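Peer 1: For reference, the structure I am asking about is given below.
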There are 2 protein chains.
Amino acid sequence: MHRPPLKHCRVCGTAVVYRLPDDGDTKLRAVCPACNTVHYENPLNVVGTVPVWGDDGGQVLLCKRNIEPRWGKWTLPAGFMELGETAAQGAARETDEEAGARFEMQGLFAVMNVVRVGQVHLFYRARLLGTEFNPGHETIEARLFTESEIPWDEIAFKTVKETLERYFADRRQGRFGFHEVDIV
Amino acid sequence: MHRPPLKHCRVCGTAVVYRLPDDGDTKLRAVCPACNTVHYENPLNVVGTVPVWGDDGGQVLLCKRNIEPRWGKWTLPAGFMELGETAAQGAARETDEEAGARFEMQGLFAVMNVVRVGQVHLFYRARLLGTEFNPGHETIEARLFTESEIPWDEIAFKTVKETLERYFADRRQGRFGFHEVDIV
């Protein structure tokens with residue numbers, strides 16, 4: 001949904017041409033033949049949390065998606081980082097919007113490169129402060145799962161599955177690390 | 001240089017209007033009145049390295065900028081992350097382009113939110129494999145600095161200064177952590 005092909009200049013509306021810019025750049029860019037604006041396209045950040053409950057973090061909050069893609073599948077709260085916020089602020093905002101949870105933010109847990117779609121996903125751990133959830137319109141249901149209850153075959157995205165696997169592996173070891181993962 | 005104001009639709013070239021989209025979104029977006037495309041603008045990632053030399057990592061490679069902004073000031077090798085690469089691959093590419101160094105990548109060292117300009121900077125540690133540098137056209141000179149030699153008043157960007165300060169502080173403690181910093 002995010003980036004339809006760039007065909008016209010964002011400054012003046014003229015149809016662009018794809019060529020090497022004149023500044024020594026080695027990548028094809030959309031260049032405006034009228035006003036010479038060079039249009040760059042770069043990866044986007046998706047920010048979210050692993051919200052956990054219990055002194056030992058034994059339960060994780062998942063949200064059942066009420067939107068496409070993957071309607072009806074379970075996900076961690078996450079979404080595109082916005083201008084005007086830090087990555088952690090964006091992750092907290094998404095957790096509020098999608099789960100309506102009370103929580104406190106903890107450390108950065110995982111950075112996932114999803115090169116195929118031009119995204120970097122950043123997940124923070126978050127400690128839930130209660131078990132009442134008030135999810136927004138993007139979520140059918142928000143509920144807690146122990147490791148054995150996680151619906152592994154109904155997880156919406158590979159990034160979420162990989163993050164959950166690492167969370168529970170770290171928990172078994174009694175120590176939460178930082179994980180960098182390339183999703184292929 | 002990166003993002004001139006969006007005035008025209010990237011799909012059809014029609015002048016956009018800024019309004020709330022129809023999908024429940026709560027932020028003003030550039031919406032095309034002709035083809036209804038919603039244009040999102042999101043933070044961009046800048047990726048780079050802290051390239052160090054010596055068994056104890058006592059020397060850091062800095063590059064003297066041959067481009068604006070901050071022509072003539074010193075920086076760590078870094079630049080905008082591109083589509084088709086991971087954050088670490090982008091950081092390695094920039095290190096090659098700007099310093100022409102031989103190195104091996106190490107762990108993610110710092111994530112810096114620069115909210116004011118809509119950027120997230122990710123710096124990796126990198127271990128130099130030699131002291132011959134062959135910088136590209138963006139760099140006047142690439143050279144190694146010990147902590148006491150760092151030209152603190154001639155550092156190009158606050159993100160670079162903050163990263164260097166944390167690198168040397170960690171080095172004094174004999175242990176490199178991961179740092180998340182909000183640049184205000």
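The values are calculated or read from the model by the stated rules, or taken from the named source; none is laboratory data. As the structure is a computational prediction, the values presented were derived from the model and not from experiment. A quick note on method: Cβ atoms are made from the backbone with ideal geometry, for glycine too, and the neighbour counts reach across all protein chains shown. For accessibility, only protein heavy atoms count, side chains too; no ligands or nucleic acids. Shrake-Rupley method; radii C 1.70, N 1.55, O 1.52, S 1.80 Å.
Peer 1: Just the residues that are within 12 Å of the chain's Cα centre (by Cα) and either within 30 Å of A:Pro4 (Cα to Cα) or surrounded by fewer than 24 Cβ atoms within 10 Å (Cβ to Cβ) (or both), please, taken from the range B:46-74.
Peer 2: B:Val46, B:Val47, B:Gly48
Peer 1: Next question. Pick from A:Pro33, A:Pro43: which is modelled with pLDDT of 95 or more and either buried (at least 20 other Cβ atoms within 10 Å of the Cβ) or closer than 30 Å to A:Arg102 by Cβ (or both)?
Peer 2: A:Pro43
Peer 1: Next question. What number of residues within the range B:19-38 are in contact (Cβ under 8 Å) with a residue 24 or more places away in the chain and assigned to a strand (DSSP E or B)?
Peer 2: 1
Peer 1: Just to verify a result, which residue in the range B:13-30, among those that are within 9 Å of another protein chain (Cβ to nearest Cβ) and surrounded by 16 or more Cβ atoms within 10 Å (Cβ to Cβ), is nearest to the chain's Cα centre (by Cα)?
Peer 2: Among those that are within 9 Å of another protein chain (Cβ to nearest Cβ) and surrounded by 16 or more Cβ atoms within 10 Å (Cβ to Cβ), it is B:Ala30.
Peer 1: Another question, if that's okay. Anything in the range B:139-184 that is among the hydroxyl-bearing types (Ser, Thr, Tyr) and loosely packed, with under 13 Cβ neighbours inside 10 Å? List them, or say none.
Peer 2: Answer for the range B:139-184, where residues must be among the hydroxyl-bearing types (Ser, Thr, Tyr) and loosely packed, with under 13 Cβ neighbours inside 10 Å: B:Thr146, B:Ser148.
Peer 1: Does A:Gly136 satisfy the condition of being within 10 Å of chain B (Cβ to nearest Cβ), within 20 Å of B:Ala87 (Cβ to Cβ), at pLDDT below 95 and open to solvent by 20 Å² or more (accessible area, probe 1.4 Å)?
Peer 2: No; evaluated as a whole, the condition is false for this residue.
Peer 1: Would you be able to say whether some residue in the range B:57-80 is facing another protein chain (nearest Cβ under 9 Å), in contact with a strand residue (DSSP E or B) (Cβ under 9 Å, 6 or more places away or on another chain), closer than 30 Å to A:Glu138 by Cα and modelled with pLDDT of 95 or more?
Peer 2: Taking every residue of the range B:57-80 in turn, none turns out to be facing another protein chain (nearest Cβ under 9 Å), in contact with a strand residue (DSSP E or B) (Cβ under 9 Å, 6 or more places away or on another chain), closer than 30 Å to A:Glu138 by Cα and modelled with pLDDT of 95 or more.
Peer 1: Somewhere in the range A:106-121, is a residue touching a Leu at 6+ places or on another chain (Cβ under 8 Å) and at positive phi?
Peer 2: Yes: the range A:106-121 contains one or more residues that are touching a Leu at 6+ places or on another chain (Cβ under 8 Å) and at positive phi.
Peer 1: Looking at the range B:82-97, is at least one residue in contact with a helix residue (DSSP H, G or I) (Cβ under 9 Å, 6 or more places away or on another chain) and touching a residue at least 12 places away in the same chain (Cβ under 8 Å)?
Peer 2: Checked against the condition, which is being in contact with a helix residue (DSSP H, G or I) (Cβ under 9 Å, 6 or more places away or on another chain) and touching a residue at least 12 places away in the same chain (Cβ under 8 Å), the range B:82-97 yields no hits at all.
Peer 1: Regarding the range A:8-18, can at least one residue be identified that is assigned by TED's automatic domain parsing to the domain that holds A:Met105 and not in a loop (DSSP other than H, G, I, E, B)?
Peer 2: Looking for residues that are assigned by TED's automatic domain parsing to the domain that holds A:Met105 and not in a loop (DSSP other than H, G, I, E, B), one finds none in the range A:8-18, hence no.
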